[in-house]
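Q: Below you'll find the structure I mean.
The values are calculated or read from the model by the stated rules, or taken from the named source; none is laboratory data. Bear in mind the structure is a predicted one, so any value in this text is a computation, not a measurement. As a convention, Cβ positions derive from the backbone with ideal geometry for all residues, glycine included, and neighbour counts pool all protein chains shown.
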Amino acid sequence: MAKHTAVNPSEETIRIGPLGIRFLLTGEDTSGSVSVFEVSVPAGQKLAAPAHKNDAYEETLYGIAGTLTWTIDGKAIAVGPGQAVCIPRGAVHRFDNFGTEDAKQLSIVTPAIMGPAYFREVSAIVDATYGAPPDTAKMTEIFRKHGMTIAAPPSIR
């Protein structure tokens with residue numbers, strides 16, 4: 001059941017290394033229809049997580065500040081302030097901030113399969129490794145639990 005209507009009812013910021021994820025709405029707030037969060041990425045930061053695909057939801061991104069370069073099914077797409085892109089179910093994707101400016105984007109997940117629990121679990125694994133690569137088996141398990149599949153590395157021909 002949805003919570004009472006309020007501004008940012010799920011206000012929570014989760015840190016994963018240098019990234020900040022600020023939740024505004026979760027599936028609990030929207031009867032499972034949508035989750036909404038901001039992602040803050042420092043200048044020059046490359047995403048440590050592997051490319052992955054969302055198995056059962058779409059992810060729409062809207063640029064607020066700076067530019068994140070999303071690689072979606074092998075195509076690089078720069079998303080800056082006032083720009084939006086939708087990552088369809090099953091599309092392999094990742095992002096990096098190649099710029100000299102911190103970036104912030106709004107992420108809208110429909111339906112609300114991915115929420116704060118995913119980011120809390122990933123944060124715990126990343127924090128436990130102290131800068132070393134995170135445990136691949138644990139990361140794979142967390143991705144699957146939250147509706148994602150880690151993409152196979154591209155084949156070399």
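Q: What's the number of the condition A103 fails, among (1) within 22 Å of A56 (Cβ to Cβ); (2) surrounded by 15 or more Cβ atoms within 10 Å (Cβ to Cβ); (3) touching a residue at least 24 places away in the same chain (Cβ under 8 Å)?
A: Here A103 clears every test but (1).
Q: If A112 satisfies all but one of (1) under 12 Å from the mean Cα position of the chain (by Cα); (2) within 21 Å of E11 (Cβ to Cβ), what's the number of the condition it fails?
A: It fails just one condition, (1).
Q: Among the residues of region 90-102, is any touching a His at 6+ places or on another chain (Cβ under 6 Å), part of a loop (DSSP other than H, G, I, E, B) and under 24 Å from K138 (Cα atoms)?
A: Within region 90-102 (the criterion being touching a His at 6+ places or on another chain (Cβ under 6 Å), part of a loop (DSSP other than H, G, I, E, B) and under 24 Å from K138 (Cα atoms)), the answer is no, since none of the residues qualifies.
Q: Among the listed residues I150, I64, I142, I87, which satisfies the condition of being aliphatic (A, V, I, L, M), closer than 29 Å to E28 by Cα and touching a Lys or Arg at 6+ places or on another chain (Cβ under 7 Å)?
A: Of the residues listed, the single one that is aliphatic (A, V, I, L, M), closer than 29 Å to E28 by Cα and touching a Lys or Arg at 6+ places or on another chain (Cβ under 7 Å) is I64.
Q: On to the next question. Checking the condition at negative phi and either at pLDDT 95 or above or not in a loop (DSSP other than H, G, I, E, B) (or both), which residue from A49, A43, A56 passes?
A: Selected residue: A43, the only one of A49, A43, A56 that is at negative phi and either at pLDDT 95 or above or not in a loop (DSSP other than H, G, I, E, B) (or both).
Q: Additional query: If A124 satisfies all but one of (1) buried (at least 16 other Cβ atoms within 10 Å of the Cβ); (2) hydrophobic (A, V, I, L, M, F, W, C); (3) outside any loop (DSSP other than H, G, I, E, B), what's the number of the condition it fails?
A: It fails just one condition, (1).
Q: Let me ask something else. Residues in region 45-65 that are touching a Pro at 6+ places or on another chain (Cβ under 8 Å) and closer than 20 Å to P81 by Cα: how many?
A: Of the residues in that region, 4 qualify.
Q: Going through A84, A117, A76, A151 one at a time, which residue ends up being without any contact (Cβ under 8 Å) to a residue 12 or more places away in the chain and aliphatic (A, V, I, L, M)?
A: Selected residue: A76, the only one of A84, A117, A76, A151 that is without any contact (Cβ under 8 Å) to a residue 12 or more places away in the chain and aliphatic (A, V, I, L, M).
Q: Can you pull out the residues in region 1-50 that are surrounded by fewer than 14 Cβ atoms within 10 Å (Cβ to Cβ), among the charged types (D, E, K, R) and within 22 Å of R94 (Cα to Cα)?
A: Correct list: R15, K46.
Q: Let me ask another. Tell me yes or no: at least one residue of region 85-100 is under 14 Å from the mean Cα position of the chain (by Cα) and hydroxyl-bearing (S, T, Y).
A: no
Q: Same structure, new question: Just checking, does region 86-102 include any residue being in contact with a strand residue (DSSP E or B) (Cβ under 7 Å, 6 or more places away or on another chain) and hydroxyl-bearing (S, T, Y)?
A: no
Q: Here is a follow-up. Conditions first: (1) outside any helix (DSSP H, G or I); (2) more than 13 Å from the chain's Cα centre (by Cα). K138 passes all but one, so which condition is the exception?
A: (1)
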